[in-house]
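To keep things clear, I will list the structure first and then write my remarks on it.
The values are calculated or read from the model by the stated rules, or taken from the named source; none is laboratory data. Small disclaimer: the values here were computed from a predicted structure and weren't measured. All Cβ positions, even for glycine, are placed from backbone atoms using ideal geometry, and neighbour counts span all protein chains on display.
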């Protein structure tokens, strides 16, 4: 019965993909301009394939299939960082960077919030003081809610103090950087966990953390800032690991299985790259076909 | 060995490094060394592209997207590019997708007032001001500027400006230049201006973000890229208007050399200690 | 009820917006529909701008609350910092409101919030230098971080150091005096190996974003709502 249920989910997902392909084919034959010309059609197809692949893995996980996920040292180090801070009697600091939740940086910000929920629970578990600073006003309520939830679900509601725990600083980049720097040093934090969309402020946070000898865990998917984090932090999430961290923090099997979808995407990218190189040697440019836009007439 | 340790302690103190660094930046600005600037192929390519492809009367759109903090690196690039474009007789429409661009533009205009002498506002150049909405605004501008906003930065109606009667959409421009301190803006223009309309893009970026937009240049989605102060200095030499870019090159050179010296000494001490501790161990 | 309001409605909004955004971006169907898609897309981003702007007011109040509470709790120790913050916040808001008032009361004068003289003076002479100073601090941090980080502990670290030195020399005029080859070599490093290293990270981050989108669509990603068990 369970098997049937999973199959139905998968069948439905694949059916949607087939349906879209069939509808696209028919409309192409009828000369209907179904898709916009501003993006290559291949992009749309790849997006659909990835979403459906991720969905299939999630349904399989629901039925009990296990998908092993490789260990991310930075994620495991979070608990150590919180515990160490408690031993030293120093607070834990977390921030998300200057990218906002209302821009293309939203996914990274949400990944940061996922890590915060994990950190907040650990702080509740060990009785650590948490300071979450942010430079994005639209995320104040969410951050307060996550920190509150973390302390409440660990049975330590008395530790939650919104004025102390959640600090909105400013929405100006370097004013935010200087305020975070001041917070790190004045509060003498024991752990500095920074995960999210970081810009030029990243190294300022890292060096300030270094000045107070804080245990530092950093992560971002913004390529230009990754080197600073890798260089200075004790542990770092590199690139898409921050998205996996959110899933790991949830501890939910289905959520973890979705990461498999990412791997399918990587495999697809590698195949396309290798194929592209091989075809290029034969004088054929694969990229031209991939950049094909839906244009009728 | 203790000598090496104490030397390491002295060099490792932030105060010494910071003081020397401060001096190495300030002194060359006060007393320029006058080291000649070699012009990289990449800057020559940008200059060559404008020389070859733009003629008098060409229309160029320039995105001014940097905050005052990034002024030092980007403003000299903007000034040199503007000088080159005006020399070629191009007409320029400036716009900003970030609110801070308005201040950056007014500072740029006051720094380069000589370039705007003899140029008439509305006919030779226009500043659209801050256009809210990020990527969606960028897409909308590419489709129709007048359909996105109705007035420029100074409250003039766009229909009343002669230049704006000539241009409205992405394809009306011969070149689009993005001078930005943020990585995202470059991708907005690639996605919304270049991919759908095929408009040539030219980038001027901070050195620190240049690597992340390099793929666009590699994939020929941009015709070229000017990177930070070094490119600004080179471009100033090419267009013959020496300014802040070249003035700060000496400071950049001395400060970089200081850092190199520290790295080398740091390594020498590290290896000195390692070798001597090994010797100590074998005894 | 609380679960519906606090969890299901926000999740539903996110799901609908994701589907709409994808549809607006990829679908055309016919000219009329495509145009209405563009208008709706612009409207969505306008809403985001409006919501963000209102959030700034919440942020301002939050800053005031934080510093007033601190002043009461910590007294003199915190007083100078909090007083400066609150003072400047009030002053900037006052001048901005004055500029806003003038833009309606006397539109011919052409004064708006950003061109209000006192506001502009404070922005250009207090905020701008402070902002630039914070950015410049990076120079010092990069210097001290490179001093600590570039230790040749193994062959890979040596490779990293050599590459870094070539790029540093290529970025300076002195490098050209030492050896003219630094400049083209720097350009090659930046365009070839560097780009090769950056692209997979970009691709990986893109894939991560798509899968996060999937989790949001299927309501499995709940961390942004605060966890509720």
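Of all residues in segment A:196-219, exactly one satisfies the criterion of being crowded, with 24+ Cβ neighbours inside 10 Å, facing chain C (nearest Cβ under 9 Å) and not in a helix (DSSP H, G or I), namely A:201.
Specify which of the listed residues (B:158, B:81, B:115, B:97) is farther than 30 Å from residue A:178 by Cβ and surrounded by 24 or more Cβ atoms within 10 Å (Cβ to Cβ). Step through it out loud before you land on a result.
On the way: B:158 fails: surrounded by 24 or more Cβ atoms within 10 Å (Cβ to Cβ); B:115 fails: surrounded by 24 or more Cβ atoms within 10 Å (Cβ to Cβ); B:97 fails: farther than 30 Å from residue A:178 by Cβ.
Just a single option satisfies the conditions, and that option is B:81.
Condition (residue is buried (at least 18 other Cβ atoms within 10 Å of the Cβ), assigned to a helix (DSSP H, G or I), more than 7 Å from every other protein chain (Cβ to nearest Cβ) and touching a residue at least 12 places away in the same chain (Cβ under 8 Å)) applied to segment A:281-289: is it met by at least one residue? First the steps, then the outcome.
So in segment A:281-289, the residues buried (at least 18 other Cβ atoms within 10 Å of the Cβ) come out as none.
No, there is no match, as no residue in segment A:281-289 is buried (at least 18 other Cβ atoms within 10 Å of the Cβ), assigned to a helix (DSSP H, G or I), more than 7 Å from every other protein chain (Cβ to nearest Cβ) and touching a residue at least 12 places away in the same chain (Cβ under 8 Å).
Counting only residues that are more than 10 Å from chain C (Cβ to nearest Cβ) and exposed (fewer than 13 other Cβ atoms within 10 Å of the Cβ), which one in segment B:27-38 is farthest from residue C:180 (Cα to Cα)? Give the derivation first.
So the first thing to find is which residues in segment B:27-38 are more than 10 Å from chain C (Cβ to nearest Cβ), and the list is B:27-32.
Pick out the ones that are also exposed (fewer than 13 other Cβ atoms within 10 Å of the Cβ) and you get B:30-31.
Working: B:30: 27, B:31: 25 Å.
Residue satisfying both the conditions and the ranking: B:30.
Each residue in segment B:1-23 was checked for being part of a helix (DSSP H, G or I), more than 12 Å from every other protein chain (Cβ to nearest Cβ) and more than 18 Å from residue B:255 (Cβ to Cβ), and 8 of them qualify. When you scan segment B:159-168, do you find a residue that is facing another protein chain (nearest Cβ under 9 Å) and in a loop (DSSP other than H, G, I, E, B), even just one? Looking for residues that are facing another protein chain (nearest Cβ under 9 Å) and in a loop (DSSP other than H, G, I, E, B), one finds none in segment B:159-168, hence no.
Considering (1) under 14 Å from residue A:74 (Cβ atoms); (2) surrounded by fewer than 23 Cβ atoms within 10 Å (Cβ to Cβ); (3) more than 19 Å from the chain's Cα centre (by Cα); (4) more than 11 Å from chain C (Cβ to nearest Cβ), the lone condition that residue A:232 does not fulfil carries the number (4).
Rundown of residues vs (1) under 27 Å from the mean Cα position of the chain (by Cα); (2) touching a residue at least 24 places away in the same chain (Cβ under 8 Å); (3) outside any helix (DSSP H, G or I), yes/no style:
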{"residue": "C:10", "(1), (2), (3)": "yes, yes, no"}
{"residue": "C:15", "(1), (2), (3)": "yes, yes, no"}
{"residue": "C:20", "(1), (2), (3)": "yes, yes, no"}
{"residue": "C:24", "(1), (2), (3)": "yes, no, no"}
{"residue": "C:29", "(1), (2), (3)": "no, no, yes"}
{"residue": "C:32", "(1), (2), (3)": "no, no, no"}
{"residue": "C:37", "(1), (2), (3)": "no, no, no"}
{"residue": "C:40", "(1), (2), (3)": "yes, no, no"}
{"residue": "C:45", "(1), (2), (3)": "yes, no, no"}
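None of A:193, A:226, A:140, A:131 is facing chain C (nearest Cβ under 8 Å) and more than 28 Å from residue B:73 (Cβ to Cβ) except A:140.
With a requirement of 2 or more residues that are out of contact with any strand residue (DSSP E or B) (no Cβ under 8 Å at 6 or more places or on another chain), at pLDDT 95 or above and in the same structural domain as residue B:178 (by TED's automatic domain parsing), the helices (runs of 4 or more DSSP H) lying completely within segment B:24-117 that satisfy it span B:41-53, B:71-87. Restricting A:78, A:20 to residues that are assigned to a helix (DSSP H, G or I), within 12 Å of chain C (Cβ to nearest Cβ) and more than 30 Å from residue C:50 (Cβ to Cβ) narrows the list to A:20.
Can you tell me which of C:57, C:63, C:51 is within 11 Å of another protein chain (Cβ to nearest Cβ), part of a helix (DSSP H, G or I), touching a strand residue (DSSP E or B) at 6+ places or on another chain (Cβ under 7 Å) and farther than 30 Å from residue A:293 by Cβ?
Values: C:57 fails: touching a strand residue (DSSP E or B) at 6+ places or on another chain (Cβ under 7 Å); C:51 fails: touching a strand residue (DSSP E or B) at 6+ places or on another chain (Cβ under 7 Å).
Going through C:57, C:63, C:51 in turn, the sole match is C:63.
For residue A:238, the stated conditions hold: it is closer than 29 Å to residue A:185 by Cβ and free of Cβ contacts under 8 Å to residues at least 40 places away in the same chain.
Looking only at segment B:235-245, which residues are surrounded by fewer than 24 Cβ atoms within 10 Å (Cβ to Cβ) and part of a helix (DSSP H, G or I)?
Restricting attention to segment B:235-245, the residues satisfying the condition of being surrounded by fewer than 24 Cβ atoms within 10 Å (Cβ to Cβ) are B:236-244.
Passing the criteria: B:236, B:237, B:238, B:239, B:244.
Only residues that are in contact with a helix residue (DSSP H, G or I) (Cβ under 9 Å, 6 or more places away or on another chain) and assigned to a helix (DSSP H, G or I): list them for segment C:78-89, please. Listed by number, the residues that qualify are C:79, C:81, C:82, C:83, C:85, C:86, C:88, C:89.
Return the only residue of A:111, A:132, A:120, A:128 being buried (at least 21 other Cβ atoms within 10 Å of the Cβ), farther than 14 Å from residue C:226 by Cβ and more than 16 Å from the chain's Cα centre (by Cα).
Working: A:111 fails: more than 16 Å from the chain's Cα centre (by Cα); A:132 fails: farther than 14 Å from residue C:226 by Cβ; A:120 fails: farther than 14 Å from residue C:226 by Cβ.
Selected residue: A:128, the only one of A:111, A:132, A:120, A:128 that is buried (at least 21 other Cβ atoms within 10 Å of the Cβ), farther than 14 Å from residue C:226 by Cβ and more than 16 Å from the chain's Cα centre (by Cα).
In this structure, does residue B:229 turn out to be within 12 Å of chain C (Cβ to nearest Cβ), in contact (Cβ under 8 Å) with a residue 60 or more places away in the chain, within 28 Å of residue B:54 (Cα to Cα) and not in a strand (DSSP E or B)? Explain how you work it out, then say what you get.
Working: within 12 Å of chain C (Cβ to nearest Cβ): yes; in contact (Cβ under 8 Å) with a residue 60 or more places away in the chain: yes; within 28 Å of residue B:54 (Cα to Cα): yes; not in a strand (DSSP E or B): yes.
Yes; evaluated as a whole, the condition is true for this residue.
Of the residues that make up segment A:93-101, is at least one in a helix (DSSP H, G or I) and either surrounded by 15 or more Cβ atoms within 10 Å (Cβ to Cβ) or more than 14 Å from chain B (Cβ to nearest Cβ) (or both)? Looking through segment A:93-101, none of the residues is in a helix (DSSP H, G or I) and either surrounded by 15 or more Cβ atoms within 10 Å (Cβ to Cβ) or more than 14 Å from chain B (Cβ to nearest Cβ) (or both).
Figure legend. Inter-residue proximity from segment C:173-196: first residues without any contact (Cβ under 8 Å) to a residue 40 or more places away in the chain, second residues exposed (fewer than 13 other Cβ atoms within 10 Å of the Cβ) and outside any loop (DSSP other than H, G, I, E, B), beta-carbon distance below 9 Å, spacing 6+ or different chains. Indicated pairs: C:183/B:41; C:184/B:41; C:187/B:41.
Looking at A:6, A:52, A:32, just one residue is modelled with pLDDT of 85 or more and assigned to a helix (DSSP H, G or I), and that residue is A:52. Any residue at all in segment B:207-219 that's over 30 Å from residue C:24 (Cβ atoms), in contact with a helix residue (DSSP H, G or I) (Cβ under 9 Å, 6 or more places away or on another chain), within 14 Å of chain C (Cβ to nearest Cβ) and part of a loop (DSSP other than H, G, I, E, B)? Within segment B:207-219 (the criterion being over 30 Å from residue C:24 (Cβ atoms), in contact with a helix residue (DSSP H, G or I) (Cβ under 9 Å, 6 or more places away or on another chain), within 14 Å of chain C (Cβ to nearest Cβ) and part of a loop (DSSP other than H, G, I, E, B)), the answer is yes, since at least one residue qualifies. Residues that are within 19 Å of residue A:171 (Cα to Cα) and in contact (Cβ under 8 Å) with a residue 12 or more places away in the chain within segment C:98-122 comprise C:113, C:114, C:119, C:122, listed in sequence order. Within segment A:77-101, no residue that is without any contact (Cβ under 8 Å) to a residue 12 or more places away in the chain sits with its Cβ atom under 6 Å from a residue that is crowded, with 22+ Cβ neighbours inside 10 Å and part of a helix (DSSP H, G or I) at 6+ positions apart or across chains. Against the numbered list (1) part of a helix (DSSP H, G or I); (2) in contact (Cβ under 8 Å) with a residue 60 or more places away in the chain; (3) within 17 Å of residue C:142 (Cβ to Cβ), residue A:231 comes up short only at (2).
Counting only helices (runs of 4 or more DSSP H) wholly contained in segment C:162-229, the ones carrying 3 or more residues that are within 12 Å of chain A (Cβ to nearest Cβ) and under 28 Å from the mean Cα position of the chain (by Cα) occupy C:193-217.
Within segment C:197-229, track down each residue that is closer than 21 Å to residue B:227 by Cα and touching a residue at least 60 places away in the same chain (Cβ under 8 Å).
Going through segment C:197-229, the residues closer than 21 Å to residue B:227 by Cα turn out to be C:197-199, C:202.
Answer for segment C:197-229, where residues must be closer than 21 Å to residue B:227 by Cα and touching a residue at least 60 places away in the same chain (Cβ under 8 Å): there is none.
Is it the case that segment C:128-145 has a residue that's surrounded by fewer than 15 Cβ atoms within 10 Å (Cβ to Cβ) and farther than 24 Å from residue A:222 by Cβ? There is at least one residue in segment C:128-145 that is surrounded by fewer than 15 Cβ atoms within 10 Å (Cβ to Cβ) and farther than 24 Å from residue A:222 by Cβ.
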